[in-house]
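> Pasting in a structure now, in structure tokens, and then I'll have a few things to ask.
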2 protein chains.
Amino acid sequence: MTDPVASVATSARPLIEIWRGGLLEGQHLGHAVIWGPGGIEAAWGDPDAVIFPRSSCKMIQALPLVESGAADAAGLTPAQLALACASHQGAGLHVSAVSRWLGDLGLAEPDLRCGAHMPKDPAEDLRLRTSGDSPCQIHNNCSGKHAGFLTWTRHAGAGPDYTEIDHPLQRAIRAATEEVTGADIAGWGIDGCSAPNFATTVAGLARAMAAFAAANPTGGARDRAMARLARAMATHPEMVAGEGRACTTLMRAMGGRVAIKTGAEAVFVAILPEQKRGIALKIVDGGTRASEAAIVALLIRLGALDARDPAVAPYLGAQRNWRGLVTGEIRTAPGFA
Amino acid sequence: MTDPVASVATSARPLIEIWRGGLLEGQHLGHAVIWGPGGIEAAWGDPDAVIFPRSSCKMIQALPLVESGAADAAGLTPAQLALACASHQGAGLHVSAVSRWLGDLGLAEPDLRCGAHMPKDPAEDLRLRTSGDSPCQIHNNCSGKHAGFLTWTRHAGAGPDYTEIDHPLQRAIRAATEEVTGADIAGWGIDGCSAPNFATTVAGLARAMAAFAAANPTGGARDRAMARLARAMATHPEMVAGEGRACTTLMRAMGGRVAIKTGAEAVFVAILPEQKRGIALKIVDGGTRASEAAIVALLIRLGALDARDPAVAPYLGAQRNWRGLVTGEIRTAPGFA
């Protein structure tokens, strides 16, 4: 890692192609790593590429919450743990769960530090627009993560500015990140939700996902926390994203056996406990359609997802226009997956 | 052009970078050409890269409409000519204009061949969703282009299936495309609106835009048609896209002196009559934020757009999150623009 600043783009290789009329119309470059019990099992691009995992690392950011005993002290359910790892779309389901959670802590919306944005859920979006209400911080796709942050902060008796880089919570998340990725962080930035996001390598992120996959549910505190969080995500797909979203749809298709998580700027990770394998990938241009296609291709490669499953169709294969005509295809680049 | 199939991706170079926390988080590769009176004046990537211009070539697709006399026979206004070159967002303004246009032709919505999709205009979207109405083909962002197609078809007495590749209209568009780009088409595909889209090179598209820029308003039929269409677009920016969209906002900022047009999969073109220059660019990954940033950078380079204009800020420079914190920056890659 001699040049971390430039390395996200160095040695990236074609992962996903966009075809139309028999011509290559577009191409997405990236990096992907499959990490198994023995280390890297397959890699495309540069495993040492430095990336911001963005929301794909929410299960790492939730480790202090579970390991510290804060989650149990607050009586958090698996659905709430899934919500702590979520980029939800602000549907009624998510909004009411976070509202109740904050209330149970004796806290309220202004205690959040994530900022407000319109929800992606069409029904909640319509409700807000027709009522003239503004979205609040609970609608933020990261509000479950922030409710988890507040749960830890309250349990630890720490100050309210939990998104500051030197807050004890962020120090704990940084330490957990370095431990599970097996490397010092490569820098940090401010995420869309105002929390710090710690840069790591694609291989480090895949190693972390493999650690979640291999975690012993009856082992030490770290193992138990990892196993609980991965299981919570895999078995509560509706909490992790929402109807029509890739994380929810694909986890449902895999029947609770695999946890997957997207992150902004086209990061995607997967935790496969039955195989004790983890996946991490990054599309350099930030194109979500490509990170979704790439994770689908790798999950099919590993036998976790059936290529014929209807859940796969939107992400790989023929693309149709508004009149239903086939206009082209999204496919994997030669040599990938 | 030894390998047209692969050439969109060959020799693409970094044009736009995404930064966060002092690290390069993302990168967009592409091709760009500035064509002036003497030919190529500047190029990045491969000028011979084969691309689908998609909606960026609507002014070329409108040439038969004007040259044939069909536009004048139907009494089309400059606003209607702008709409024929538009990817509009289905606001009331656009919907009512296309509806009236079809009515004036003695035609109606089912005569369109573009398919229906929800409009991007927030007010019209809300109106449809609260009334329970479905969007119709007039809401399609290409409905103005298709109204122009129908105007030509009616004038020529041609059959109703005007989106078929061997329809006289599409043959006329193909011939016009080859003439203004100076090259045989490199293939064709079906666009989102079901019309054929003819593949060409980035340099060919830039050459075509320079021809529009240099067109003599009192010259021959081709010149007059080009000058009318470019002027209609530049002076009716509200018709070409809509409120908040890059084409509309940036053309307004340039005060009617420049026509610009986006196309799906991150194509962008500009026609600069005062300089007799044309620009064409393509981002290989299809990322619109990058094609917008790149065209802004090139328009600033050519002095057509002021870097300090508030219209520039969303597309280049510091990026902020939901709480207003600066999280990073969109900037041009070293050596570009």
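> Report yes if A:ILE260 is closer than 30 Å to A:MET118 by Cα, without any contact (Cβ under 8 Å) to a residue 60 or more places away in the chain and more than 14 Å from chain B (Cβ to nearest Cβ), otherwise no.
yes
> Give the number of residues within the range B:132-142 that are of a type in the set (Ser, Thr, Tyr) and within 11 Å of chain A (Cβ to nearest Cβ). So that I can check it myself, show each step before the final result.
Let us first name the residues in the range B:132-142 that are of a type in the set (Ser, Thr, Tyr), namely B:134.
This time we only want the ones that are within 11 Å of chain A (Cβ to nearest Cβ), so: none.
Adding up the residues that qualify gives 0.
> Then there is this: Condition first: under 15 Å from B:THR249 (Cβ atoms) and charged (D, E, K, R). Now tell me which residues in the range B:309-336 satisfy that.
Scanning the range B:309-336 gives a single hit, B:ASP309.
> Then there is this: Does B:ASP46 fit the bill of being touching a strand residue (DSSP E or B) at 6+ places or on another chain (Cβ under 9 Å), open to solvent by 20 Å² or more (accessible area, probe 1.4 Å) and of a type in the set (D, E, K, R)? Step through it out loud before you land on a result.
Details: touching a strand residue (DSSP E or B) at 6+ places or on another chain (Cβ under 9 Å): yes; open to solvent by 20 Å² or more (accessible area, probe 1.4 Å): yes; of a type in the set (D, E, K, R): yes.
Considered against the rule, which asks whether it is touching a strand residue (DSSP E or B) at 6+ places or on another chain (Cβ under 9 Å), open to solvent by 20 Å² or more (accessible area, probe 1.4 Å) and of a type in the set (D, E, K, R), B:ASP46 comes out as yes.
> When you go through A:ALA71, A:ALA43 one by one, which is the residue that is among the small types (Gly, Ala, Ser) and either at the interface with chain B (Cβ under 9 Å from one of its Cβ atoms) or assigned to a helix (DSSP H, G or I) (or both)? Let's see the steps before the verdict.
Details: A:ALA43 fails: either at the interface with chain B (Cβ under 9 Å from one of its Cβ atoms) or assigned to a helix (DSSP H, G or I) (or both).
Result of the check over A:ALA71, A:ALA43: A:ALA71.
> Take A:ARG257 and tell me if it is in a helix (DSSP H, G or I), modelled with pLDDT of 95 or more, at negative phi and not aromatic (Phe, Trp, Tyr).
Numbers: in a helix (DSSP H, G or I): no; modelled with pLDDT of 95 or more: yes; at negative phi: yes; not aromatic (Phe, Trp, Tyr): yes.
When the stated conditions are applied, A:ARG257 does not pass them.
> A follow-up question, please. Go through the range A:320-337 and give me each residue that's within 14 Å of another protein chain (Cβ to nearest Cβ) and part of a strand (DSSP E or B).
Across the range A:320-337, the qualifying residues are A:ARG320, A:VAL326, A:THR327, A:GLY328, A:GLU329, A:ILE330, A:ARG331.
> Something else: Within the range A:263-319, take every residue that is open to solvent by 30 Å² or more (accessible area, probe 1.4 Å) and either part of a helix (DSSP H, G or I) or of a type in the set (Ser, Thr, Tyr) (or both) and give me the one that is nearest to the other protein chains (Cβ to nearest Cβ).
Step by step, filter the range A:263-319, then rank; the result is A:ARG289.
> Hey, another quick one. Return the pairs, sorted by first residue and then second, in which the second residue is modelled with pLDDT of 95 or more and open to solvent by 20 Å² or more (accessible area, probe 1.4 Å), the first residue lies in the range B:91-115 and is at positive phi, the beta carbons are less than 7 Å apart, and the residues are 6+ apart or on different chains.
If the second residue must be modelled with pLDDT of 95 or more and open to solvent by 20 Å² or more (accessible area, probe 1.4 Å), the pairs left are B:GLY115/B:GLN137.
> Taking B:GLY192 as meeting all but one of (1) touching a residue at least 24 places away in the same chain (Cβ under 8 Å); (2) of a type outside the set (A, V, I, L, M); (3) within 15 Å of B:LEU65 (Cα to Cα), write down the number of the exception.
(3)
> Of the conditions (1) assigned to a loop (DSSP other than H, G, I, E, B); (2) free of Cβ contacts under 8 Å to residues at least 40 places away in the same chain; (3) open to solvent by less than 10 Å² (accessible area, probe 1.4 Å), B:MET251 satisfies every one except a single condition; which number is it?
(1)
> Select from the range A:19-38 the residues that are in contact (Cβ under 8 Å) with a residue 24 or more places away in the chain and open to solvent by less than 20 Å² (accessible area, probe 1.4 Å) and write down the one among them that is farthest from the other protein chains (Cβ to nearest Cβ). Outline the logic, then answer.
Going through the range A:19-38, the residues in contact (Cβ under 8 Å) with a residue 24 or more places away in the chain turn out to be A:19-21, A:25, A:27-37.
This time we only want the ones that are open to solvent by less than 20 Å² (accessible area, probe 1.4 Å), so: A:25, A:28, A:30-34, A:36.
On the way: A:GLU25: 5, A:HIS28: 5, A:GLY30: 10, A:HIS31: 12, A:ALA32: 16, A:VAL33: 18, A:ILE34: 23, A:GLY36: 28 Å.
Filtering first and then ranking leaves A:GLY36.
> Still on this structure, I have one more. Looking at the structure I just gave you, is B:LEU112 of a type in the set (A, V, I, L, M), buried (at least 22 other Cβ atoms within 10 Å of the Cβ) and more than 14 Å from chain A (Cβ to nearest Cβ)? Steps first, answer last, please.
Numbers: of a type in the set (A, V, I, L, M): yes; buried (at least 22 other Cβ atoms within 10 Å of the Cβ): yes; more than 14 Å from chain A (Cβ to nearest Cβ): no.
For B:LEU112, the condition - of a type in the set (A, V, I, L, M), buried (at least 22 other Cβ atoms within 10 Å of the Cβ) and more than 14 Å from chain A (Cβ to nearest Cβ) - is not met.
> Okay, next question. Filter the range B:174-225 down to residues that are away from chain A (no Cβ under 11 Å), out of contact with any Pro (no Cβ under 7 Å at 6 or more places or on another chain) and β-branched (Val, Ile, Thr), then give me how many there are.
4
> Please pick out the residue among A:ARG100, A:ARG129 that is open to solvent by 40 Å² or more (accessible area, probe 1.4 Å) and more than 23 Å from A:LEU229 (Cβ to Cβ).
Details: A:ARG100 fails: more than 23 Å from A:LEU229 (Cβ to Cβ).
Going through A:ARG100, A:ARG129 in turn, the sole match is A:ARG129.
> Among the residues of the range A:61-82, count how many are open to solvent by 20 Å² or more (accessible area, probe 1.4 Å) and either closer than 14 Å to A:ALA232 by Cβ or small (Gly, Ala, Ser) (or both).
Counting residues in the range A:61-82 that are open to solvent by 20 Å² or more (accessible area, probe 1.4 Å) and either closer than 14 Å to A:ALA232 by Cβ or small (Gly, Ala, Ser) (or both) gives 10.
> Moving on. Has the range A:1-20 got at least one residue that is outside any helix (DSSP H, G or I), within 22 Å of the chain's Cα centre (by Cα) and over 30 Å from B:ARG54 (Cβ atoms)?
Yes, there is a match, as at least one residue in the range A:1-20 is outside any helix (DSSP H, G or I), within 22 Å of the chain's Cα centre (by Cα) and over 30 Å from B:ARG54 (Cβ atoms).
> Working only within the range A:213-248, note down all residues that are touching a residue at least 60 places away in the same chain (Cβ under 8 Å) and within 12 Å of A:VAL66 (Cβ to Cβ).
A:ALA221, A:ARG222, A:ARG224, A:ALA225, A:MET226, A:ARG228, A:LEU229, A:ALA230, A:ARG231, A:ALA232
The values are calculated or read from the model by the stated rules, or taken from the named source; none is laboratory data. From a predicted model like this one, the values you see are computed outputs, not experimental measurements. Note that each Cβ is placed from the backbone with ideal geometry, even for glycine, and that neighbours are counted across all protein chains shown. The protein model used for the area step is the full one, side chains on, heavy atoms only, and it has no ligands, DNA or RNA in it. Shrake-Rupley method; radii C 1.70, N 1.55, O 1.52, S 1.80 Å.
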